[in-house]
1. Wholly within the range 29-127, which strands (runs of 3 or more DSSP E) include no fewer than the required count, namely at least 3 residues that are modelled with pLDDT under 95, closer than 27 Å to residue 145 by Cβ and touching a strand residue (DSSP E or B) at 6+ places or on another chain (Cβ under 8 Å)?
2. What do you reckon, is residue 141 surrounded by 13 or more Cβ atoms within 10 Å (Cβ to Cβ) and outside any strand (DSSP E or B)?
3. Give all pairs with beta carbons closer than 9 Å in which a residue from the range 105-123 that is loosely packed, with under 13 Cβ neighbours inside 10 Å meets a residue that is assigned to a loop (DSSP other than H, G, I, E, B); count only pairs at least 6 apart in sequence or on separate chains.
4. For residue 146, only one of the following conditions fails: (1) farther than 18 Å from residue 54 by Cα; (2) assigned to a helix (DSSP H, G or I). What is its number?
5. Every residue in the range 147-168 that is touching a strand residue (DSSP E or B) at 6+ places or on another chain (Cβ under 9 Å) and either exposed (fewer than 14 other Cβ atoms within 10 Å of the Cβ) or free of Cβ contacts under 8 Å to residues at least 24 places away in the same chain (or both), please.
6. Would you say residue 95 is crowded, with 17+ Cβ neighbours inside 10 Å and without any contact (Cβ under 8 Å) to a residue 40 or more places away in the chain?
C-alpha cells in the first residue's frame, strides 16, 4: 500500500512540475522564418519539380521550430533546390532478355541562403533511386513508374531535410 502511495505521489508530482520538451530552432542565429523557393527542374521529365517541392515543404512543415513563410520578402533564409538529373534505366532482365525491372534515380542540389546578405550557408548534392517491376501493359508500367517517382521524391525530401537540420 505504501509503495503504491509513493508511486501515485511521484506520478502526480512529475505531471504537475511543468516539465516539457523544448522545441528549438535548429538553424543558425537570426534564421527563424524560411521560404521554400519553387524547385528548378533541369531535366526533360515533367512535373518532378512539383512533386519534390510538395514533399520538401511537407517535410519542413512537420519539423518543430521551423516557421515556413509564403513570402520570400519576410523570410530570414531561402531554401533553393535544383533537380539536375533524372534517369530511368533497365536494372534487371529475365531469362529471355526481356526487362524485368527498371530503376529511377533523381539527383538534386539544395541549399540554404541567408536573405540579408545572400550568403549560401549550406549546400548538398543528393540522389535517390528506387526500382519498379516491368509489365507488358504500358498503362500498368507507367503507373508503377509514376508511383516510384513519387516515392523517390518523398525519400529525397526526407533526406534533404534531415541533412539540412543535421548541419546545424
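The values are calculated or read from the model by the stated rules, or taken from the named source; none is laboratory data. Here the structure is a predicted model, which means the values were calculated and not measured. Because the Cβ atoms are built from the backbone with ideal geometry, glycine has one as well, and the counts that use them run over all protein chains shown.
1. Working: elements: 33-36, 77-93, 99-114.
In the range 29-127, the matching strands (runs of 3 or more DSSP E) lie at 77-93.
2. On the way: surrounded by 13 or more Cβ atoms within 10 Å (Cβ to Cβ): yes; outside any strand (DSSP E or B): yes.
The answer is yes for residue 141.
3. Filtered contacts from the range 105-123: 116/30; 116/76.
4. (1)
5. Across the range 147-168, the qualifying residues are 147, 151, 163, 168.
6. On the way: crowded, with 17+ Cβ neighbours inside 10 Å: no; without any contact (Cβ under 8 Å) to a residue 40 or more places away in the chain: yes.
Taking the combined requirement at face value, the residue does not satisfy it.
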